[in-house]
1. Restricting to helices (runs of 4 or more DSSP H) lying wholly in region A:161-280: which have 2 or more residues that are closer than 30 Å to A:Phe66 by Cβ and at pLDDT 90 or above?
2. Looking at region A:109-125, is at least one residue among the hydroxyl-bearing types (Ser, Thr, Tyr) and more than 7 Å from chain B (Cβ to nearest Cβ)?
3. Quick one: is B:Leu194 in a helix (DSSP H, G or I) and surrounded by 24 or more Cβ atoms within 10 Å (Cβ to Cβ)?
4. Is there a residue in region A:233-250 that is within 14 Å of chain B (Cβ to nearest Cβ), over 28 Å from A:Glu104 (Cα atoms) and surrounded by 22 or more Cβ atoms within 10 Å (Cβ to Cβ)?
5. For region B:98-106, indicate whether the set of residues that are crowded, with 17+ Cβ neighbours inside 10 Å and either closer than 30 Å to B:Glu437 by Cα or under 30 Å from the mean Cα position of the chain (by Cα) (or both) is non-empty.
6. Would you mind finding the one in B:Leu451, B:Leu432, B:Leu398 that is within 22 Å of B:Ile202 (Cα to Cα) and either over 24 Å from the mean Cα position of the chain (by Cα) or more than 14 Å from chain A (Cβ to nearest Cβ) (or both)?
7. I need the full set of residues from region B:250-294 which are within 30 Å of B:Asn147 (Cα to Cα), surrounded by fewer than 24 Cβ atoms within 10 Å (Cβ to Cβ) and more than 14 Å from every other protein chain (Cβ to nearest Cβ), in order please.
Amino acid sequence: MDWGNILGQSITQGLGVLAVIYALAAIGLNVHFGYTGLLNFGQAGFLAVAAYGLAVTIVVLELPLFVGVVIGLLAAVALALLLGIPTLRLRADYLAIVTIAAAEIIRLLVRSVTLRDIFGGSDGINAFANEFFSYSPFSAGLELGPVRLSQNDLWVVVVGWTLVALSCLLVWLLMRSPWGRVIKAIREDEDAVRSLGKNVYFYKMQALIIGGVLGSLGGFIFAVGFQSVQPDSYATDLTFFAYAVLILGGAGRVMGPVLGAVVFWFLLVFIDGTLAQLVQNGTITFIRTDQVGQVRYWILGLSLMLLMIYRPQGILGDKKELALDAR
Amino acid sequence: MRPRVASWLAAMAAAVLMLLGIGGVAAAAPAAGASGQVGGVSSLADTPLADDDSAVAATEVKGVVTDPNREPIAAVQLDVTNSEDVTDPSGTVIPAGEFTATVETKDDGTWAVPLPGGGRYSVTIDTGTLPEGIGLADPDQDTRTVNVLPEKSGTVLFRTADGENGGGTAGRSTLDRALQLTVDGLLFGLTIALAAIGLSLIFGTTGLTNFSHGELVTLGALTTYFFSSIVGLPFVLAAAVAVLVCGLLGGVQDKALWGRLRKRGTGVIAMLVVSIGFGILLRYVYLFFFGGNTRQFNAYAGQAGIQLGPVLVTPKSMVAAVVAVAFLLATAFWLLRTRSGKASRAISDNPALASASGIDVERVINRVWIYGAGLAALAGIIYSLNNGVNWFQGFQILLLTFAGVTLGGLGTAFGAIVGSLIVGVMIQVSTLVVPPELKNVGALLILIIILLIRPQGILGRRERVG
């Protein structure tokens, strides 16, 4: 067993691009689910519109990076409005069904042959991140003990964690403001808030937009970090993973999604690497090497169930504060 | 902080042990499927019979290629290759992809390729050798995978259609096409309706939005595949057994997981997230044991259609439609005329009141789970008749099922039926104007629009939406 290698890879991934993407997606979900009690199952859609907004602007419209970012953010806001207007007056599970459907609509549209000229069909769009990397101050990669990052990844990760820090700061400031107290009150008892004369619908809509925009930052990192956007990266699995990250870390806590993302990717890669080595050694014989990736989904599904049943507040959460049954 | 983490770890450890048991039960059928398959191939190849050539019946894959009017087509080329390691009678292992054979159809349209041993083979039809004006009904389905038992023959058929690029409806008048698509859509709608009833009834009685319902649909197809293609039962018997097994497993799932959660007082939102985790777990357990390929049932694969007026229907689809309607009528009878059916509706309306008036709520819910899971399994079987069996088929149609349920009104069984039929027909008929790859987009859009106009659905009642 090459524990050094496995640990090194796990730490690298736990701090790497994927952890950043899921941290941002989960921070957005935290505003939706953790603070407001909105069941948004279309977070993948927010990441997708941002990533495609960026890529299409740069490749198809041939405009600079920052225009792409603006368009991506506007697309996320538009999506939030589109989702929120029909559903925010309804019960929570309606929002769940509509958001998951909307995310699928987006994925089916961008991968369609009909719109191939714009979105690139199932191949997606590639090679649009040159401008992003031209701003990089790093001239070499990073090698710090077991952690190895290439020159480009290092830049992505630095920008990514900066965005995570800023997002956390924003959420922290928002949630200790009067606005945040109304939002949390909506999670606990919507009718009580309504009886105090607050327009619950508008507050929910604002929360949906803010969470969606925070999630869309993850979409930008996803796009530039892998230098490509592909429709099937934005399938419902992404949303489910983000929920696992959020619930693991602790919904309704500022640092919950960040801790969740780091722990989640560390554990996932660690389990993956350990299993792969055990299979190669011949210690485990009932799994083939190509099935190792499937077994980690078992662990993912199982831990999502177990967390929700036995520890719904996650690592950081406070069970008393968080009424998960909020509608 | 520290005691909190410790208690969390302890709970995790205890829970892993407990829930592994549940996962094990629910996954038992596909687990048995895969081990049976592997065991069957190797053990049969090892029997003494295999050494005695004269006693061995030929292992082969065969089929017949016909045009849409069931006239045989000669001189069509097909390639056969093994998609997994197979063992020949002398015990030599042929690695996947090493065995290849090319064959042409004879004048009567038939073809056959002798195989070295039992296992999975993939058959590709060379569409360039089909006569002009004839293509595959589904151009993407030019390769099929077949599981051949040792000393048995496997059958592979390709559905052909008029028109080079398939899509059998091309070149016909719009009215004819609309009729054809409506009929196709009705069958698809019936399939969704079978899946939707369970989803809707479970939601009505327990409040659970079950995102793992699609896995019950998949399970039906997988168990049918197991009983028909691996155990070797006749297809209809295999399907019947599968529906029974899946119904019982649904009951077990409720007892072992959801019933306990209800008793613990877990909220409906928490249960929704649990169902997502459970769905992921089951899907990847299926993938692990079944593999990533789409496989056809040996029986009735690629059946030729019968022309009924302007509409082309395969006999298997007609039988499937009749069976689906029969089951839907039986469900309606159960809901309207039997004690437990009426009780289930009472629970949907008001669980506390139902319980107070002497209804054994948990028992009725368990029965709802059994029927719902059985119907979902039937939906999976019917869906697979035309689309093949794969590990995520239930998840693929889950959103459409939700669309049907929401359209009809969450929690009402009859609404689910009506909504599903509308969704099914609309998906198919919409291909008149939108490209087929986007047909599901239309259905999901309609779902969102319906929620804008009439959030309680067609048959739902206003106060349910809250």
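The values are calculated or read from the model by the stated rules, or taken from the named source; none is laboratory data. In this text, all values refer to a predicted model and were calculated from it rather than measured experimentally. Neighbour counts run over all protein chains shown; Cβ positions are idealised from the backbone, glycine included.
1. Details: elements: A:178-188, A:190-195, A:200-226, A:236-249.
The qualifying helices (runs of 4 or more DSSP H) are A:178-188, A:200-226, A:236-249.
2. Within region A:109-125, the subset among the hydroxyl-bearing types (Ser, Thr, Tyr) is A:112, A:114, A:122.
Checking which are more than 7 Å from chain B (Cβ to nearest Cβ) leaves us with A:122.
So far as region A:109-125 goes, yes, one or more of its residues are among the hydroxyl-bearing types (Ser, Thr, Tyr) and more than 7 Å from chain B (Cβ to nearest Cβ).
3. So B:Leu194 fits the description; yes.
4. Step one: filter region A:233-250 for residues within 14 Å of chain B (Cβ to nearest Cβ), giving A:235-250.
Retained after the next criterion (residues that are over 28 Å from A:Glu104 (Cα atoms)): none.
For region A:233-250, residues within 14 Å of chain B (Cβ to nearest Cβ), over 28 Å from A:Glu104 (Cα atoms) and surrounded by 22 or more Cβ atoms within 10 Å (Cβ to Cβ): absent.
5. no
6. Values: B:Leu432 fails: within 22 Å of B:Ile202 (Cα to Cα); B:Leu398 fails: either over 24 Å from the mean Cα position of the chain (by Cα) or more than 14 Å from chain A (Cβ to nearest Cβ) (or both).
Only one candidate passes the filter, namely B:Leu451.
7. B:Thr294
Results for (1) within 30 Å of A:Val200 (Cβ to Cβ); (2) touching a Pro at 6+ places or on another chain (Cβ under 8 Å); (3) of a type in the set (Phe, Trp, Tyr); (4) surrounded by fewer than 24 Cβ atoms within 10 Å (Cβ to Cβ), shown as yes or no for each residue.
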site	(1), (2), (3), (4)
A:Trp3	no, no, yes, yes
A:Val17	no, no, no, yes
A:Asn40	yes, no, no, no
A:Leu54	no, no, no, no
A:Gly72	yes, no, no, no
